[in-house]
Amino acid sequence: MADSISFPVGARSRQAARIVPVFLPFRGCPCRCVYCAQDKQTGAEGARGITRTLRGAAAAVESQPHPCELAFYGGTFTAMPGNDRRACLDLLLSLREKGLVSAARCSTRPDALGGSALSELRSGGIDLVELGIQSFSSAALSASRRGYDRRTALEGCRAVQESGLGLGIQLLPGMPGCGPEIFLEDVRTALALHPDCMRFYPCLVPEGTVLAGWLAEGIYAPWSLEETVSVLGRALDLAWQAGVPVIRLSVAPESAFDAAVLAGPRHPALGALIQAEALLQAVERAAASLGRPPRQIILPRFCQGFLYGDHGVLRTRWGSLGLGPGRISYHDGGMAVLS
Ligand code: SF4
């Protein structure tokens, strides 16, 4: 019987460099996906010309006190018109040469990596590619009309890694065809690829999308908040065990987007709720393998902020493990220690 068990519970998100986002909503996208409202999600609703967008990005970078990371988000970067992509990469290279940008990433689809796309990104100063995989299930991808299958999703991930670029994997739990079991299988598949980071975007229903129509017709129902917190908590715990950072657990707050959400698991502190659930699931698992009631737990200090969930709803579950407030303490280490 072990005297104590140490286990990972994530890390305080510490960005090596501030990220300056360049939003290019829908640019290069082969279609508008059934759930997607990038224009509202990114706050870049108006159709701005690429020159104006890049001028704004350059000004934002130049105003940073330290070298930053530049990120091209919101569209399908590798399928944008060549001139637009070249303009983005030219700006990136010039900012890198001036020492103002220290890293760069872009987002794209796994079925838009053909030809010399990846070598162009590498020579153009990109370090990491985030793939909007959404699911590795062919059935879910088909139900969501993504236009590619599991094989293409896997090949896309491998192609990014083989090109020497970093890989980010974005998943969309709760999208049409993606129930909890499929999502957890997606997470296991993604973790087996050892990506550099992941993002989970629980599926919401923004007005004006195909999904909003499906919701009205009763063809689609989003996950509840409770189910989302429980399932993503499990998924986050799996990522902690695998040592893969999950850098987002929900769509970032954006007033135009929030006003347009008709249904789905939206909560201002969703990320913290999921972290709290993941932490508790990790502790419950460790307590089960301890083989006796735990005496105390020492947690990394950053856990203090989210430990008990929304309005303390998790206090009872902590208490039923025998870990009331007097038995929980904090340290500066990165692991939880249960004894
Ligand atoms: S989900 Fe991605 S590929 Fe689909 S429309 Fe939105 S940005 Fe484009």
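The values are calculated or read from the model by the stated rules, or taken from the named source; none is laboratory data. Given the structure is predicted, the values throughout are model-derived calculations rather than measurements. Note that each Cβ is placed from the backbone with ideal geometry, even for glycine, and that neighbours are counted across all protein chains shown. Side chains included, ligands, DNA and RNA excluded: accessible areas come from the protein's heavy atoms. Shrake-Rupley method; radii C 1.70, N 1.55, O 1.52, S 1.80 Å.
Could you say whether any residue in segment 25-33 is within 14 Å of the ligand (Cβ to nearest atom), of a type outside the set (S, T, N, Q) and part of a strand (DSSP E or B)?
There is no residue in segment 25-33 that is within 14 Å of the ligand (Cβ to nearest atom), of a type outside the set (S, T, N, Q) and part of a strand (DSSP E or B).
Pairing each residue of segment 21-48 that is under 26 Å from S102 (Cβ atoms) and of a type in the set (D, E, K, R) with any residue that is more than 7 Å from the ligand (Cβ to nearest atom) and modelled with pLDDT of 80 or more, provided the two are 6+ apart or on different chains, yields C-beta distances under 7 Å for R27/M80; R27/D84. Condition test on A17, is it modelled with pLDDT of 75 or more and either closer than 25 Å to D196 by Cβ or open to solvent by less than 80 Å² (accessible area, probe 1.4 Å) (or both)? The answer is no for A17. Taken over segment 54-77, the criterion of being open to solvent by less than 20 Å² (accessible area, probe 1.4 Å) and under 24 Å from A159 (Cβ atoms) is satisfied by L70, A71, F72, G74, G75, T76, F77. Could we say that L141 is open to solvent by less than 10 Å² (accessible area, probe 1.4 Å), assigned to a helix (DSSP H, G or I), hydrophobic (A, V, I, L, M, F, W, C) and touching an Asp or Glu at 6+ places or on another chain (Cβ under 8 Å) here? In short, yes. Each residue in segment 245-260 was checked for being surrounded by 20 or more Cβ atoms within 10 Å (Cβ to Cβ) and over 17 Å from C303 (Cβ atoms), and 3 of them qualify. Among residues of segment 60-83 that are within 14 Å of the ligand (Cβ to nearest atom), those with a beta-carbon under 6 Å from a residue that is among the hydroxyl-bearing types (S, T, Y) and outside any strand (DSSP E or B) at least six positions away or on a different chain give the pairs G74/T42.
What is the residue count in segment 120-159 for residues that are closer than 21 Å to V210 by Cβ and among the acidic types (D, E)? Qualifying residue count for the region: 1.
Among the residues of segment 158-178, those that are aliphatic (A, V, I, L, M) and touching a strand residue (DSSP E or B) at 6+ places or on another chain (Cβ under 8 Å) comprise V160, L165, L167, I169, L171, L172, M175.
Is it true that A103 is without any contact (Cβ under 8 Å) to a residue 60 or more places away in the chain and more than 30 Å from A216 (Cβ to Cβ)? Against the criterion (without any contact (Cβ under 8 Å) to a residue 60 or more places away in the chain and more than 30 Å from A216 (Cβ to Cβ)), A103 does not qualify.
Looking for something touching a Pro at 6+ places or on another chain (Cβ under 6 Å), more than 20 Å from P8 (Cβ to Cβ), aromatic (F, W, Y) and touching a residue at least 24 places away in the same chain (Cβ under 8 Å) - is there at least one such residue anywhere in segment 224-245? Looking through segment 224-245, none of the residues is touching a Pro at 6+ places or on another chain (Cβ under 6 Å), more than 20 Å from P8 (Cβ to Cβ), aromatic (F, W, Y) and touching a residue at least 24 places away in the same chain (Cβ under 8 Å).
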